[in-house]
Amino acid sequence: MTSSLTSHALLGTARSGPWPDPPHELLAQPWAALAKAPDPASALLQAAALERTLLRSGQQPLAGAVLADSCPPETRNYLPEKTLTSARRMLAGDYPELLPEWLALATQSQLLLPPRLIPAFFQYGRGKKSTIPQLIALAGQRGQWFAQEDEAWKAFRINAPSKTFADDVWDTGENQDRLAWLEKLFAENPEEAGQIVSDSWRSETPDNREVMTSFAYQYPHPAHLVWLETQAFKERRQSTRSWATRALLLNRESNYYQFSSQLFLDTVRVEKKKLLLTPPETFVSQWSDYGLIEKAPAGKGKKAHWLEQILSLFPVTQWPQLLGITAKELYQLKPDPDWFNNLLAVWIEDLSRNPSPEHALPIISLWLKNLASLPKNQRSPHLALRNILQALKSSDQADILTQLTLDLNEMLSLLATLAPPFSAKSHPALHKVVLHFLQSKDRYLLDRPHASRLASAIAPEDIPALLTTISQLPELPSIVEHFALTLEFRQSYLPHFPNSQFPIPNSQFPIPNSHVQPPRTRRNPLCQRAGGPCRP
């Protein structure tokens with residue numbers, strides 16, 4: 001915008017002087033017409049647009065500029081528009097918990113995103129790394145064209161080149177680049193990486209020392225043995241020491257492995273299909289050098305305290321190798337009844353920190369089988385269960401949840417956090433929990449995102465019946481209404497994917513603007529929507 005137009009805009013058309021001269025002779029005629037326009041404000045905006053168009057029309061590409069290659073043609077069709085309407089809403093912030101389901105259905109369809117939606121989905125994928133393979137498939141040739149032309153989308157390139165670093169990046173680079181370069185060195189040249197870590201350990205921040213120690217666990221090598229034992233293992237930060245012990249356990253030549261394996265095998269042995277545990281009679285002072293604590297906490301016996309620490313020296317995933325048996329054989333052994341509760345507590349705690357699908361199912365089954373005989377503090381390890389179950393397949397999650405004896409709040413929380421798909425036919429116990437949630441007058445500890453996740457787990461064939469149930473409630477708590485609206489929103493896209501088994505509803509319920517907060521409790525508006533009678 002020229003200075004004269006800027007002056008008119010700043011002063012306001014009511015106080016500005018005469019209409020300015022045209023910025024170029026080519027604009028003389030339209031400029032004169034705008035000077036006589038009845039609406040000065042509109043004329044000013046049109047003048048600015050004309051001037052901008054004139055400037056852009058005179059631009060030329062730089063000499064030697066390389067134009068981008070055209071995008072290769074697509075060989076697949078695009079997704080139906082009715083599926084894209086819901087995707088736009090989810091990308092804008094409505095029901096984002098349903099995007100994983102939408103992406104899975106879209107990927108299964110083998111259809112493509114329209115080009116205009118690819119940037120928005122790529123932006124979403126940058127924050128959800130697990131969705132990148134799906135988005136690469138959905139974006140097709142146009143997505144690869146975008147990714148090659150814009151560095152912001154390089155993560156979506158099918159054959160993305162590895163990042164290059166300057167020779168002096170470790171000494172002069174940004175911290176993120178330094179650590180990325182070091183991780184690459186751990187993978188390619190462990191001896192040099194180990195020497196660099198050893199030399200720079202004291203000058204690095206505690207955060208960097210923890211990250212460097214985690215690299216030693218991800219890329220195990222004998223070259224890291226010395227600095228792990230002399231520096232990382234003695235670090236003040238507990239999380240760094242934890243990474244160090246995990247890395248040292250992967251190296252049988254380490255002093256820590258030798259000590260831990262000997263003490264473990266002195267305590268745990270297999271005999272005639274039994275898993276026998278023999279806690280030590282006394283605490284050896286040398287054990288303190290390896291992280292064991294002599295004094296037991298209040299309410300726990302010293303032998304039990306020492307035993308649990310010894311059992312925790314190795315993650316349960318390494319027990320079969322240490323004992324010379326398979327994982328299946330380990331869980332077929334009869335545990336020592338005198339120390340069973342301690343053993344189970346260690347296994348549950350270990351799996352909560354190091355989830356393993358192979359070991360989770362038998363350990364949780366063992367826990368459920370002996371639930372009645374366990375101390376009260378071991379009957380409902382809610383957070384530990386959540387972490388363990390997250391490592392399992394969705395079908396296994398649903399199967400285990402049906403066997404848990406938890407109160408409704410705990411069950412709802414687990415069900416809404418994990419959101420394993422289930423139906424009233426396959427898992428009636430879980431469906432009963434949802435019905436109880438809808439019909440109970442109590443208030444539950446679910447927020448709106450968790451209510452949406454719970455709704456995402458409902459089988460499509462159960463949605464109409466649940467909406468009918470909700471429509472007959474005399475009052476509608478806000479969290480239940482949000483649950484219902486999420487189910488309705490799923491109905492807006494599920495039937496429109498190719499090969500969908502979900503029928504299109506005869507009458508779509510109107511879904512109000514999600515930005516309007518409903519009252520906490522009010523007369524049920526779904527009664528009239530569903531066309532059914534309302535109970536007084």
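The values are calculated or read from the model by the stated rules, or taken from the named source; none is laboratory data. Owing to the predicted nature of the structure, the values given are computational and were not obtained by experimental measurement. Note that we place each Cβ from the backbone using ideal geometry, even for glycine, and neighbour counts take in every protein chain shown.
Of all residues in region 79-96, those that are under 13 Å from Phe497 (Cα atoms), surrounded by 15 or more Cβ atoms within 10 Å (Cβ to Cβ) and not small (Gly, Ala, Ser) total 3. Reported count of residues in region 5-43, each being surrounded by 10 or more Cβ atoms within 10 Å (Cβ to Cβ), at pLDDT below 80 and not in a loop (DSSP other than H, G, I, E, B), is 6. Small (Gly, Ala, Ser) and under 20 Å from Asp396 (Cβ atoms): does that describe Ser365? Yes: the conditions hold for Ser365.
Of everything in region 123-164, what is more than 17 Å from Gln110 (Cβ to Cβ) and charged (D, E, K, R)? Give them in sequence order. Across region 123-164, the qualifying residues are Arg126, Lys128, Lys129, Glu149, Asp150, Glu151, Lys154, Arg157, Lys163. Taken over region 331-362, residues that are more than 12 Å from Ala384 (Cα to Cα), crowded, with 19+ Cβ neighbours inside 10 Å and touching a Phe, Trp or Tyr at 6+ places or on another chain (Cβ under 9 Å) amount to 1. Checked against (1) under 26 Å from Ile293 (Cα atoms); (2) among the hydroxyl-bearing types (Ser, Thr, Tyr); (3) loosely packed, with under 13 Cβ neighbours inside 10 Å, Ser203 passes all but a single condition, namely (1). Among the residues of region 260-278, is any over 19 Å from Gln321 (Cβ atoms), part of a helix (DSSP H, G or I) and of a type in the set (Ser, Thr, Tyr)? No - not one qualifying residue is present in region 260-278. The residues of region 239-259 that are outside any helix (DSSP H, G or I), surrounded by 14 or more Cβ atoms within 10 Å (Cβ to Cβ) and in contact with a Pro (Cβ under 7 Å, 6 or more places away or on another chain), listed by number, are Leu250, Asn251.
Restricted to region 317-421, the set of helices (runs of 4 or more DSSP H) holding at least 1 residues that are over 26 Å from Val433 (Cα atoms) and of a type in the set (D, E, K, R) comprises 327-332, 340-353, 357-369. When you scan region 374-383, do you find a residue that is buried (at least 20 other Cβ atoms within 10 Å of the Cβ) and out of contact with any Gly (no Cβ under 8 Å at 6 or more places or on another chain), even just one? No; the residues of region 374-383 include none that is buried (at least 20 other Cβ atoms within 10 Å of the Cβ) and out of contact with any Gly (no Cβ under 8 Å at 6 or more places or on another chain).
Within region 109-153, how many residues turn out to be among the charged types (D, E, K, R) and under 21 Å from the mean Cα position of the chain (by Cα)?
Total meeting the criteria: 3.
For region 430-444, the criterion of a residue being surrounded by 13 or more Cβ atoms within 10 Å (Cβ to Cβ) and polar (S, T, N, Q) is satisfied by no position.
Every residue, every condition in (1) farther than 27 Å from Ser214 by Cα; (2) modelled with pLDDT under 95; (3) aliphatic (A, V, I, L, M); (4) in the same structural domain as Thr213 (by TED's automatic domain parsing), yes or no:
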position	(1), (2), (3), (4)
Thr267	yes, no, no, no
Glu281	yes, yes, no, no
Gly301	yes, yes, no, no
Thr317	no, yes, no, no
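Annotation note: of Leu99, Leu112, the sole residue that is touching a strand residue (DSSP E or B) at 6+ places or on another chain (Cβ under 6 Å), modelled with pLDDT of 85 or more and buried (at least 18 other Cβ atoms within 10 Å of the Cβ) is Leu112. Identify all residues within region 295-314 that are in contact (Cβ under 8 Å) with a residue 40 or more places away in the chain and not aromatic (Phe, Trp, Tyr); write none if there are none. Listed by number, the residues that qualify are Leu307, Ile310, Leu311, Leu313. Only one entry in Thr53, Thr75 is exposed (fewer than 12 other Cβ atoms within 10 Å of the Cβ), β-branched (Val, Ile, Thr) and not in a helix (DSSP H, G or I), namely Thr75. If we scan region 138-157, do we find a residue that is free of Cβ contacts under 8 Å to residues at least 12 places away in the same chain, exposed (fewer than 14 other Cβ atoms within 10 Å of the Cβ) and in a loop (DSSP other than H, G, I, E, B)? Yes - at least one qualifying residue is present in region 138-157.
Could you tell me whether Gly194 is closer than 30 Å to Tyr78 by Cβ, touching a Leu at 6+ places or on another chain (Cβ under 9 Å) and in a helix (DSSP H, G or I)?
For Gly194, the condition - closer than 30 Å to Tyr78 by Cβ, touching a Leu at 6+ places or on another chain (Cβ under 9 Å) and in a helix (DSSP H, G or I) - is not met.
Taken over region 106-136, the criterion of being touching a Ser or Thr at 6+ places or on another chain (Cβ under 8 Å) and either closer than 16 Å to Arg76 by Cα or not small (Gly, Ala, Ser) (or both) is satisfied by Ala106, Tyr124, Gln134.
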